[in-house]
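Asker: Questions regarding the structure given below will be posed in turn.
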Amino acid sequence: MARDPKLSLIPLGGLGEIGKNMMAVRFGENILVIDCGLMFPEEEMLGIDIVIPDITYLLDNRELVRGIVLTHGHEDHIGALPYVLRQLNVPVYGTRLTLGLLQGKLKERNVDAALNSVKPRDIVQIGPFRVEFIKVSHSIPDAVAIAVHTPVGVIIYTGDFKFDQTPVDGQVTDFHRLAQLGDKGVLVLLSDSTNAEIPGYTLSERMVGNTFDETFRQATERIIIATFASNVHRLQQAIQVAHRQNRKVAVVGRSMVNVVSVAYELGYLHIPENTMVELDEANRLPRHKVVILTTGSQGEPMSALTRIALSDHKQVDIVPGDTVIISATPIPGNEKVVARIIDQLFKQGAYVIYESASSIHVSGHPCQEDLKMMINLVRPKFFVPVHGEYRMLIKHAELAKEVGVLPGNVFVAENGQVLEFTRRAGRINGKVTAGKVLVDGLGVGDVGNIVLRDRKQLSQDGILIVVVTINREAGLIVAGPDIVSRGFVYVRESEELLEEARIKVRNALDICTERGVSEWSAIKSQVREVLGKFLYEKTRRRPMILPIIMEV
């Protein structure tokens, strides 16, 4: 009897974390990649700009990769492509807005790629995979779920979605197609777990429009709205309300300007005539006639809102009476920074409306009842929660069991685990390389754990550089030891301590000379050991000690 063909699903990012979503689908000698996102660094990743998935597995099998398909244009789904396409030159498929936003990123980094535009309900043949794009609602237009028809069965990858019955652009989720696929039989459903801990339904984006209406009517002076640049529906509602209230709109912040121009050019953003003005002109208008759209809802250090709050922006200053609307929820980990910015804005005399105190933001992700509805529509045989921290995946798995997926058919996986399916059975079978690649400036992957550990030590206890000049032949100290300190102690107030440290270094060097130790590495390690012990006894700190020996 012929053996059942096998299908493998390999998450390379997005499981047990928020961001860097990436899923590999493998059948025989063919791999299809879904999404390719980035993640913003955690607090302990000092100096790191972004984090992208480790694609060692794809590079090891580069001749098998047939293409990359994209669900939507958010950074956590397309942000790693400029780095990945450099190493993996394969065709990319996505909707118009998704590719429009991606094109800008690729151009910025001089990356060429074959981009193929698709529409909802399109079916594209990529190797042995028939890939179907299904319309879903999200906080950015042109979002799709992806159904991959394989010889083993159909898998549905929801991407980020919400069930919005009254979306701003009128493009409702394609419930009909999802149910049709459910009728025919779906092998595996991989679904968004971001809000799996939150009961109830996600509210419609139009709720925010109503709040904008009310807020704009009450505001007597200028209005500043901070939101995610990519939330085109939110921008659309702000522009429409501003137009109705006879206010002009100016856009501040590089990413916001970029998204507005791409979305407008492609017809996803409708701007009434004479509504948009340049910032210079907005500054000349009466304050009650102006709305400013800006980035920085997450308190990012270099964003426009942060600079405005700290009076550091060249063109925008807060004036008492201004209304500032922060229309976004802080991403986990950003709460403190956002709270600090809100405090700062209040200090400047602004009236601040923020999410926890009003209905000024709704999520783009499904809550528990929506998640159950997706599972009930699709009725999959196997279920894999994706896009979320581990507790969210666990919660989502519980919901799947509640609505009738057999407990043995629900898999909570981690990045790199290989999920293997036949028509009848599923299991976790083995592991491939997966993890984080850190991007710092132009360096991709050149900063690892050791460099981060050094940065951490430098940030906590500073550095001490010991410079000594030695006559190698005579074994005598010609000059020094000189000690330079940064971030350890204030030199002018610690002259005694540093003088003692110099004596300790000299003694250590004398011991080396007596013992006939002439290896530079042995001398350095002796200096490090003696000085480290002495400084810890005196200060209870462990600065990085860097001995530099010069010979004459």
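Asker: Of all chymotrypsin sites (Phe, Trp or Tyr not before Pro) in segment 320-417, which ones are in loop regions per DSSP and have a Cβ with at most 13 other Cβ atoms within 10 Å?
Answerer: none
Asker: Determine the gain in length on full extension of the stretch residue 116-residue 59; use 0.36 nm per residue of separation and subtract their C-alpha separation, reporting nm with one decimal. Could you put the intermediate results ahead of the total?
Answerer: Values: separation 57, 0.36 × 57 = 20.52 nm, distance 2.20 nm.
Once the chain is fully extended between residue 116 and residue 59, it gains 18.3 nm.
Asker: Let me ask something else about it. Lysines within cross-link reach of residue 289: Cα-Cα under 22 Å, excluding same-chain residues under 8 positions apart?
Answerer: 248, 314
Asker: Which Cα, out of 382, 5, 484, lies furthest along the positive dipole direction of the chain (beta carbon charges, K/R +1, D/E -1)?
Answerer: The residue sitting most towards the positive pole is 5.
Asker: Mind putting a number on the dipole of the chain about its Cα centre? Charges go on the C-beta only, +1 for Lys and Arg and -1 for Asp and Glu, and I need it in Debye to the nearest 20.
Answerer: It comes to approximately 880 debye.
Asker: Among 425, 249, 94, which residue has its Cα furthest toward the positive end of the charge dipole of the chain, with +1 on Lys/Arg Cβ and -1 on Asp/Glu Cβ?
Answerer: My answer, from the dipole projection, is 425.
Asker: Relative to the longest principal Cα axis of the chain, at what angle does helix 206-218 sit, 0 to 90 degrees, rounded to 10?
Answerer: In the chain, helix 206-218 runs at an angle near 70 degrees to the longest axis.
Asker: Note the listed values (1) 49, 36, 20; (2) 38, 26, 24; (3) 41, 28, 24, then indicate which one is semi-axes √(5λ) of the Cα gyration tensor in Å calculated from this particular structure.
Answerer: Here the calculated entry is (1).
Asker: What net charge is computed for the residues neighbouring residue 89, neighbours being all others with C-beta under 11 Å from the C-beta of residue 89, Lys and Arg scored +1, Asp and Glu -1? Could you put the intermediate results ahead of the total?
Answerer: On the way: positive: 62, 86; negative: 112.
Combined, the nearby Lys, Arg, Asp and Glu give +1.
Asker: Would you mind computing, in nm to one decimal, how far apart the modelled labels at residue 207 and residue 471 are, each placed 7 Å from Cα along Cα→Cβ?
Answerer: Between residue 207 and residue 471, the label points sit 8.2 nm apart.
Asker: Same structure again: Measure of size requested: the Rg and Dmax of segment 40-188, with Cα atoms as the atom set and Å as the unit; please supply both.
Answerer: Rg then Dmax for segment 40-188, in Å: 16.4, 50.
Asker: Could you work out how much longer the chain between residue 406 and residue 511 gets when fully extended? Use 0.36 nm per residue separation minus the Cα distance between them, nm to one decimal.
Answerer: On the way: separation 105, 0.36 × 105 = 37.80 nm, distance 7.20 nm.
Additional length available on full extension: 30.6 nm.
Asker: Pairing the Cα long axis of helix 449-461 with the longest principal axis of the chain, what angle in degrees results, from 0 to 90 and rounded to the nearest 10?
Answerer: For helix 449-461, the angle is close to 60 degrees.
Asker: Residues with beta-carbon under 11 Å from that of residue 360, excluding residue 360: net charge, scoring Lys, Arg +1 and Asp, Glu -1?
Answerer: Working: positive: 234; negative: 214, 355.
Neighbourhood net charge equals -1.
Asker: Pairs to check: 347/456; 6/395; 6/184; 336/372; 105/395. Give those whose C-alpha atoms are more than 24 Å from each other in this structure.
Answerer: On the way: 347/456 33 Å; 6/395 28 Å; 6/184 20 Å; 336/372 33 Å; 105/395 35 Å.
Check vs 24 Å cut-off fails for 347/456; 6/395; 336/372; 105/395.
Asker: Which entries of 381/401; 20/436; 20/135; 135/401 have Cα-Cα distances beyond 20 Å here?
Answerer: Working: 381/401 11 Å; 20/436 9 Å; 20/135 22 Å; 135/401 26 Å.
Those over the limit are 20/135; 135/401.
Asker: Stretch residue 495-residue 311 to full length: gain in nm at 0.36 nm per residue minus the Cα-Cα span?
Answerer: Separation in residues times 0.36 nm, less the Cα-Cα distance, equals 62.4 nm.
Asker: What residues of segment 317-336 lie in the reach of a label at residue 287, counting those whose backbone N is under 19 Å from a point 7 Å from the Cα along Cα→Cβ?
Answerer: 317-326
Asker: Ok, one more. Return the sequence-ordered ³J(HN,Hα) values of segment 167-176 in whole Hz as given by the Karplus equation 6.51 cos²θ - 1.76 cosθ + 1.60 applied to θ = phi - 60°, using x for Gly and Pro.
Answerer: So the Karplus estimates, Gly and Pro as x, are x, 4, 8, x, 8, 7, 3, 7, 4, 4 Hz.
Asker: Ok, one more. Express as a percent, rounded to the nearest 5, the fraction of DSSP beta bridges in the chain (both residues included) that run antiparallel. Let's see the in-between values first.
Answerer: Numbers: 49 of 95 bridges.
Antiparallel bridges make up about 50 percent of those DSSP assigns within the chain.
Asker: Follow-up. Helix 96-108 versus the longest principal axis of the chain: what is the Cα-based angle in degrees, 0 to 90, to the nearest 10?
Answerer: The answer is roughly 20 degrees.
Computed from the coordinates by the stated procedures, all read-outs in this text should not be read as laboratory data. Owing to the predicted nature of the structure, the values given are computational and were not obtained by experimental measurement. Note that we place each Cβ from the backbone using ideal geometry, even for glycine, and neighbour counts take in every protein chain shown.
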